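The values are calculated or read from the model by the stated rules, or taken from the named source; none is laboratory data. Note that this is a predicted model, so its numbers are computed, not measured. Please note: Cβ atoms are built from the backbone with ideal geometry, for glycine as well, and neighbour counts cover all protein chains shown.
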Amino acid sequence: MYHRVLSKKEILENYSQDGIVVKCETFEKHMKYIKNNFKILSLLEFIEHFQKRIPFETKSCLITFDDGWKDNFQNAYPLLKEIGIPAVIFLTTDFVGTKEQFWQERVMELLLGLYDAAGSDSNVTTRLMREFPDTDIESILKCERGSLKDGISGYISFLKGKSKEEIEKITQRLADLTGKWDSGKTTEEAFMDWDEIRIMTKNRISFGSHGKSHAILTRLQKREIEKEALESKERIEEKLGTSICAFSYPNGDYSEQVLDIVRNAGYRVAFSTESGTHSAADNPYKIRRINIHGDMTNSIPMFLARVAGLW
């Protein structure tokens, strides 16, 4: 499971959490090693194993990307195309071709900016502590710069336990304190557009749904979950002219209700973020994956240790 593939320059400029980022050089190492040492499946081949209960060959793998970031097209796709590796990318349809940010990146950007502002203006700290009188924000303000993104990532994990409405209120309160940021848009498209997605379909890249809005489905009412699953599927099918049969749960969170809705929407497989390997006899709506990011996998031995579940 990958998310973002970024150059060294892009890594310095992005607001994503480190746990979803891999350097271009690291990604190339992974793909070349996988190409030579694993049996790489396409999405349809992967699904066929579940439908026919055909055991996977040793060292079979499926390469997946969540979210549909622009860098998937700019940085990952050229290499995948060059060395002939199939993959599947799960799209969050409300974000395709937009300059919008996920709330996680928005919170990261706002808190990084407020941290810097607080370093030169004590009034910023006073206002922050008045607006957010909790230990989480206080601990972020006390972080050393080198561990700041980790501290903010912890706060983002805390926010994931809140409702969509609560997160929106908190994000807006942070934005109001800055007095200078817009409503969460970036200067450039953060996500792939439909033309780029169509190009990729011609070269062994499949697509699935990651919901409409990237909302955590277990926090939603039944009708909202149905909308996330159905409308995203219909949108991708309309744009690509092909049946969409795979779903990835945003944040990996699902319940039996969510699973039933996804299955009834017509998906044949659904992917979680639970770590581990999978067999053809396992539940195809609870597929485990191994999250890969740069800090832990920047060498092949570390990558293999991660794949083997040693950390």
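Residue pairs, Cβ under 6 Å, 6 or more apart or interchain, first in the range 202-226 and touching a residue at least 12 places away in the same chain (Cβ under 8 Å), second part of a helix (DSSP H, G or I) and acidic (Asp, Glu). List them.
From the range 202-226, the pairs are Gly211/Glu228; Lys212/Asp94; Lys212/Glu228; Lys212/Glu231; Ser213/Asp94.
Among (1) of a type in the set (A, V, I, L, M); (2) free of Cβ contacts under 8 Å to residues at least 40 places away in the same chain; (3) touching a helix residue (DSSP H, G or I) at 6+ places or on another chain (Cβ under 9 Å); (4) surrounded by fewer than 21 Cβ atoms within 10 Å (Cβ to Cβ), there is one condition Ala308 misses while meeting the rest; what is its number?
Condition not satisfied by Ala308: (3).
With the range 66-167 as the region, which helices (runs of 4 or more DSSP H) entirely inside it contain at least 2 residues that are under 18 Å from Asn251 (Cα atoms)? It would help to see each step written out before you state the result.
Values: elements: 77-83, 103-120, 122-131, 135-141, 148-159.
Filter on the range 66-167 gives 103-120, 148-159.
I'm checking my understanding of the structure. Among residues of the range 280-303 that are in a helix (DSSP H, G or I) and touching a residue at least 40 places away in the same chain (Cβ under 8 Å), which one is surrounded by the fewest Cβ atoms within 10 Å (Cβ to Cβ)? Full working, then the answer.
Initially, the range 280-303 is screened for residues in a helix (DSSP H, G or I), giving 294-296, 300-303.
If we keep only those that are touching a residue at least 40 places away in the same chain (Cβ under 8 Å) too, we end up with 294-295, 300, 303.
Numbers: Gly294: 20, Asp295: 12, Ile300: 14, Phe303: 19.
Applying the filter and picking the extreme gives Asp295.
Those residues that are closer than 16 Å to Leu62 by Cα and part of a loop (DSSP other than H, G, I, E, B), I need them from the range 254-279; list them, please. Working first, answer last.
First, pick out the residues of the range 254-279 that are closer than 16 Å to Leu62 by Cα: 268-279.
Selection gives Arg268, Gly276, Thr277, His278, Ser279.
Of the residues that sit in the range 168-206 and are assigned to a helix (DSSP H, G or I) and at pLDDT 95 or above, which one is surrounded by the fewest Cβ atoms within 10 Å (Cβ to Cβ)? Break it down into steps so the answer makes sense when it comes.
Keep residues of the range 168-206 that are assigned to a helix (DSSP H, G or I), which gives 168-178, 194-201.
Restricting the remaining residues to those that are at pLDDT 95 or above gives 194-201.
On the way: Trp194: 16, Asp195: 10, Glu196: 18, Ile197: 22, Arg198: 13, Ile199: 14, Met200: 20, Thr201: 13.
That would be Asp195.
For the range 211-229, does any single residue satisfy the condition of being within 19 Å of Gln51 (Cβ to Cβ) and surrounded by fewer than 19 Cβ atoms within 10 Å (Cβ to Cβ)? Outline the logic, then answer.
Going residue by residue through the range 211-229, those that are within 19 Å of Gln51 (Cβ to Cβ) are none.
No, every residue in the range 211-229 fails to be within 19 Å of Gln51 (Cβ to Cβ) and surrounded by fewer than 19 Cβ atoms within 10 Å (Cβ to Cβ).
Take the residues of the range 19-42 that are hydroxyl-bearing (Ser, Thr, Tyr) and over 19 Å from the mean Cα position of the chain (by Cα): which is nearest to Arg198 (Cα to Cα)? Break it down stepwise before answering.
Initially, the range 19-42 is screened for residues hydroxyl-bearing (Ser, Thr, Tyr), giving 26, 33, 42.
When the remaining residues are screened for being over 19 Å from the mean Cα position of the chain (by Cα), the result is 33, 42.
Details: Tyr33: 27, Ser42: 17 Å.
Looking at residues that are hydroxyl-bearing (Ser, Thr, Tyr) and over 19 Å from the mean Cα position of the chain (by Cα), I get Ser42.
Taking the range 43-57 as the search range and keeping residues that are among the aromatic types (Phe, Trp, Tyr) and part of a helix (DSSP H, G or I), which one is farthest from the chain's Cα centre (by Cα)?
As a first pass, look at the range 43-57 and keep what is among the aromatic types (Phe, Trp, Tyr): 46, 50, 56.
Those left that are additionally part of a helix (DSSP H, G or I): 46, 50.
On the way: Phe46: 21, Phe50: 24 Å.
Checked the range 43-57; the qualifying residue farthest from the chain's Cα centre (by Cα) is Phe50.
Mind listing whichever residues of the range 142-161 are closer than 14 Å to Val107 by Cα, without any contact (Cβ under 8 Å) to a residue 40 or more places away in the chain and either in the same structural domain as Ser213 (by TED's automatic domain parsing) or not aromatic (Phe, Trp, Tyr) (or both)?
Here is the first cut: in the range 142-161, the residues closer than 14 Å to Val107 by Cα are 148-160.
Of the ones still in play, those that are also without any contact (Cβ under 8 Å) to a residue 40 or more places away in the chain are 148, 151, 154, 157-158.
Correct list: Leu148, Gly151, Gly154, Ser157.
Search the range 1-38 for residues being within 30 Å of Ala281 (Cα to Cα) and in contact with a Cys (Cβ under 7 Å, 6 or more places away or on another chain), and hand back the single one that is surrounded by the fewest Cβ atoms within 10 Å (Cβ to Cβ).
Ranking the candidates gives Phe38 first.
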